[in-house]
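Asker: Before I ask anything, here is the structure I am working with.
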Amino acid sequence: MPFSVVVSDSAYGDHPAFLDGLEARGLACVVGVASDFGVHLPEEVAAAAQRPLPVKKKAGRPRHHAPPAQQARLCRAAEVVAAQPEAAWPTITWRRGSDGPLTKPFVALGVDRAVGERPLPGHAGEKTW
């Protein structure tokens with residue numbers, strides 16, 4: 001069956017091995033993650049990649065440095081999502097349920113592996129980021 005994007009909730013999105021498999025296959029994905037899922041901001045990864053390596057002080061085996069993504073600050077998904085301005089939260093209706101339309105504000109972020117969801121203003125529900 002042809003498809004263009006893999007979509008999942010945090011039952012799969014919280015598993016780095018699953019996400020690595022999607023990336024290895026070159027598959028676009030949109031996944032939910034738990035609020036404590038670790039993410040790196042793309043601008044911080046780019047800045048880490050531009051920093052020069054420390055000067056080598058003595059002879060010996062060459063040092064190995066962590067890749068830029070691991071040198072960048074690790075953030076909790078909840079912190080990154082909560083910092084998004086109101087304008088970044090379009091309200092999306094995705095289908096009609098038994099109690100009417102299913103509608104919530106969503107935000108999609110330019111980080112590896114993070115999406116947030118929250119209840120409409122004045123409505124009950126929980127945040128899932």
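Where a number appears in this text, it was derived from the coordinates with a stated rule and is not lab data. These figures come from a predicted structure and were not determined experimentally. Methodologically, a virtual Cβ is constructed for each residue, glycine included, from the backbone with ideal geometry; neighbour enumeration extends over all protein chains shown.
Asker: Can you list the chymotrypsin sites (Phe, Trp or Tyr not before Pro) in the stretch 3-67 that are in a DSSP coil and have 14 or fewer other beta carbons within 10 angstrom?
Answerer: When the chymotrypsin sites (Phe, Trp or Tyr not before Pro) of the stretch 3-67 are filtered for loop state and at most 14 Cβ neighbours within 10 Å, F3 remain.
Asker: At 7 Å along the Cα-to-beta-carbon direction for both K58 and E79, put a label point, then send me their distance in nm to one decimal.
Answerer: Rounded to a tenth, the inter-label distance reads 3.5 nm.
Asker: Could you check the simple spin-label distance between A88 and V5, using points 7 Å along Cα→Cβ, in nm with one decimal?
Answerer: A separation of 1.7 nm, rounded to one decimal place.
Asker: Right, next: Using the beta-carbon distance between A108 and L27 and R0 = 22 Å, what value does 1/(1 + (r/R0)^6) give for FRET efficiency, to the nearest 0.05?
Answerer: It comes to 0.85.
Asker: Please report, in cubic angstrom per residue, the volume enclosed by the convex hull of the alpha-carbon atoms of the stretch 6-117.
Answerer: Looking at the stretch 6-117, the number lands at 142 Å³ per residue.
Asker: Give the long-range amide H neighbours of V7: residues separated by 5 or more places, or on another chain, with amide H under 5 Å away, using H modelled in the peptide plane at 1.01 Å from N.
Answerer: V30
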